[in-house]
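Down below is the structure, laid out as structure tokens.
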Amino acid sequence: RKEVEQDPGPFNVPEGATVAFNCTYSNSASQSFFWYRQDCRKEPKLLMSVYSSGNEDGRFTAQLNRASQYISLLIRDSKLSDSATYLCVVNTAGRRALTFGSGTRLQVQP
Amino acid sequence: EAGVTQFPSHSVIEKGQTVTLRCDPISGHDNLYWYRRVMGKEIKFLLHFVKESKQDESGMPNNRFLAERTGGTYSTLKVQPAELEDSGVYFCASSPQAGASDTQYFGPGTRLTVL
């Protein structure tokens, strides 16, 4: 079983739509949580960290449920430029290594 | 401020040859990481340097891989001898200092193809 599981997609949505991605992690010792964005043939870039209380950054909202070991990302008012692969990433207590999910591909269509 | 840089951007070698990848972290970043993504798989951690010391090398697949960071600045990752399954994209990342929640900044990667 993978440590971080994501639906690979692709999610094809029209501009302006709201889309949600989910992710589950198996290691209960995970302590830090992130969403990274990766464009085709580019490096991953941090989109946002995920906090227990939930956090929002403009059109993006991230939620963490430690009891269910579940992380979500909500994108409102999708833009064409949001098309990318979204990587769910966790980090275990005591280590700096990041554990990546395989990513969820989003395609926003005009 | 310059980001993480990696060289070369692409490398095509034959099985059995040696390849050396280089990573220059963001200036002042003590932490340097190597990751790789092989075809169809997720990005996986290889190792972590703090300055010139290997802090965590639990992700190194076997002894054909050798990473160094002499002087605590740039790092090299040598694969010798390369095998077909080593093909993939090798990413380097760096982060400033302490704290597991520190953002890791990734370089553009080196795409390695072993024929």
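Values in this text are rule-based calculations from the coordinates and carry no lab data. On a predicted model such as this, the values are computed, not experimentally measured, just so you know. Every residue, glycine among them, receives a Cβ derived from its backbone with ideal geometry; neighbour counts consider all protein chains shown.
Here are a few things to note about the model shown:
- Taking 24 Å as the limit for the C-alpha separation, the pairs A:K42/B:K78; A:K2/A:K79; B:K15/B:K78; B:K51/B:K78; A:K42/A:K79; B:K41/B:K78 exceed it in the case of A:K2/A:K79.
- Springs between Cα atoms under 10 Å define the GNM used for chain A, and in it the highest mean-square fluctuation of A:A17, A:A97, A:A84 occurs at A:A97.
- Extreme residue, positive dipole direction of chain A, given options A:N65, A:Q31, A:I75 (C-beta unit charges): A:Q31
- Spacing of the two label points (7 Å from each Cα toward its C-beta) at B:K51 and A:N22, in nm: 4.7 nm
- Separation of the B:L84 and A:D7 label points, Cα + 7 Å toward Cβ, nm: 3.6 nm
- In chain B, excluding the sites themselves, the longest stretch lacking any of the GluC sites (Glu not before Pro) that are in a DSSP loop with at most 16 other Cβ atoms within 10 Å is B:15-51.
- Percent of alpha-carbon pairs separated by more than 27 Å within the protein assembly as shown: 34 percent
- Residue with peak Gaussian network fluctuation, chain B [Cα springs, cutoff 10 Å], from B:G16, B:G40, B:G71: B:G40
- Debye log10 I(q)/I(0) for chain B, one point scatterer per Cα, at q = 0.11, 0.13 Å⁻¹: -0.31, -0.44
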